[in-house]
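Participant: Questions regarding the structure given below will be posed in turn.
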Ligand code: CTP
């Protein structure tokens, strides 16, 4: 049976930290599914809309060789349903989420991978804002 890996994120202003986590997640199994946070979910979590709209963020992630399947994550409260629906064997998250998903250890393995140092969407947006001043 192929090992099915799943991960979630916004993947706004796509950068090398996103590439790294997706390639490492893919290397843990045979099939990688990625849940892309919708624009509305992002607004409810972070109080702002992403720079790239959800259709574009989904297309960028879908285009990667390491990604087998993508879907929209509409609600954080549906995590368990998404894991079951996509038959996840392994849930991968960046270690900024460490411990937060341990409750799903009853239905899949939960793995936290170290974040890539010194890069984030928030920092990139901030750097562009400062460059414009
Ligand atoms: N990620 C990572 N290394 C980074 C940035 C992100 O491994 N330097 C991982 C996160 O841990 C998450 C996934 O990429 O599992 C998607 O993260 P996302 O929140 O979309 O990206 P960030 O750049 O962290 O965005 P923000 O700064 O808006 O939080």
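Participant: For the subset of region 12-32 comprising residues that are in contact with a helix residue (DSSP H, G or I) (Cβ under 9 Å, 6 or more places away or on another chain) and free of Cβ contacts under 8 Å to residues at least 60 places away in the same chain, which member is farthest from the ligand (Cβ to nearest atom)?
Facilitator: 32
Participant: Find the residue count for region 76-89, including only residues that are in contact with a strand residue (DSSP E or B) (Cβ under 6 Å, 6 or more places away or on another chain) and farther than 12 Å from residue 34 by Cα.
Facilitator: Final tally of qualifying residues: 2.
Participant: Step by step: first the residues of region 84-97, then only those that are touching a residue at least 12 places away in the same chain (Cβ under 8 Å) and not in a strand (DSSP E or B), then the one that is surrounded by the most Cβ atoms within 10 Å (Cβ to Cβ). Which residue is that?
Facilitator: Filtering first and then ranking leaves 88.
Participant: I would also like to ask the following. I want to confirm something. Restricting to region 98-119 and keeping residues that are surrounded by 15 or more Cβ atoms within 10 Å (Cβ to Cβ) and within 7 Å of the ligand (Cβ to nearest atom), which single residue is nearest to residue 78 (Cα to Cα)?
Facilitator: So, considering only residues that are surrounded by 15 or more Cβ atoms within 10 Å (Cβ to Cβ) and within 7 Å of the ligand (Cβ to nearest atom), the one nearest to residue 78 (Cα to Cα) is 113.
Participant: Taking region 47-62 as the search range and keeping residues that are within 13 Å of the ligand (Cβ to nearest atom), part of a helix (DSSP H, G or I) and without any contact (Cβ under 8 Å) to a residue 24 or more places away in the chain, which one is surrounded by the fewest Cβ atoms within 10 Å (Cβ to Cβ)?
Facilitator: 58
Participant: Mind listing whichever residues of region 63-83 are in a helix (DSSP H, G or I) and closer than 13 Å to residue 7 by Cα?
Facilitator: 76, 79, 80, 82, 83
FYI, it's all coordinate maths here, none of it is from the lab. Model, not experiment: these values are computed from the prediction. Positions of Cβ are generated from backbone atoms using ideal geometry, with glycine treated the same way; all protein chains shown enter the neighbour counts.
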